[in-house]
Amino acid sequence: MPEELSERRRAPAGGRSKRVPGGRKHAAKVMMTTEEFERVSARAIVLGVSVPRALIEAATGVPPLTRREREILYGELNGLKFLLGNLTNNANQIARALNSDIEVPGQQIRSVLQRAEAAAGRIEELAERFRVG
């Protein structure tokens, strides 16, 4: 009995899949040879995901990202979300000032446009780096 417990796999660092409304109603059983299972298991370990998650991601075309790459992508996307929030706030302030016939310095408008261009460049970089296919 203790041997069985020691051989049990631990949950991957990424944790369980998020719950979905209504639950997951479909299950698929995949029979593999020992060699195939070892290869899939090794891939799952490298990526930091479970064997089922590795199979789902491979079948749906999700690029194989390690846990660290996922963390980097998540951080970058959160940073872009924050930056875009600031940019929309600045654009709204400029629009409010212009609608109130308040003169807005051209430098302020250029600054917002430059930051928007930088954000678009970061998005393009991420899209290229994590491109599927």
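Key figures
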| read-out | value |
| --- | --- |
| Residue selected from region 13-43 under the condition outside any helix (DSSP H, G or I) and polar (S, T, N, Q), by the criterion modelled with the lowest pLDDT | Ser17 |
| Residue in region 112-126 that is open to solvent by less than 90 Å² (accessible area, probe 1.4 Å) and in contact (Cβ under 8 Å) with a residue 60 or more places away in the chain present | no |
| Subset of region 62-78 (residues that are touching a residue at least 24 places away in the same chain (Cβ under 8 Å) and within 18 Å of Ala118 (Cα to Cα)) | Leu73, Glu76, Leu77 |
| In region 52-61, the residues that are in contact (Cβ under 8 Å) with a residue 24 or more places away in the chain and assigned to a helix (DSSP H, G or I) | Arg53, Leu55 |
| Test: residue in region 34-47 that is touching a Pro at 6+ places or on another chain (Cβ under 9 Å), open to solvent by less than 30 Å² (accessible area, probe 1.4 Å) and of a type in the set (A, V, I, L, M, F, W, C) | yes |
| Those residues of region 87-111 which are surrounded by 11 or more Cβ atoms within 10 Å (Cβ to Cβ) and either hydroxyl-bearing (Ser, Thr, Tyr) or in contact with a Ser or Thr (Cβ under 9 Å, 6 or more places away or on another chain) (or both), in sequence order | Thr88, Asn90, Ser111 |
| Residue match in region 80-97 (condition: β-branched (Val, Ile, Thr) and over 21 Å from the mean Cα position of the chain (by Cα)) | yes |
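The values are calculated or read from the model by the stated rules, or taken from the named source; none is laboratory data. Here the structure is a predicted model, which means the values were calculated and not measured. Quick reminder, even Gly has a Cβ in these numbers, built from the backbone with ideal geometry, and neighbours come from all protein chains shown. What goes into the accessible areas is simple: the full protein's heavy atoms, side chains included, and nothing from ligands, DNA or RNA. Shrake-Rupley method; radii C 1.70, N 1.55, O 1.52, S 1.80 Å.
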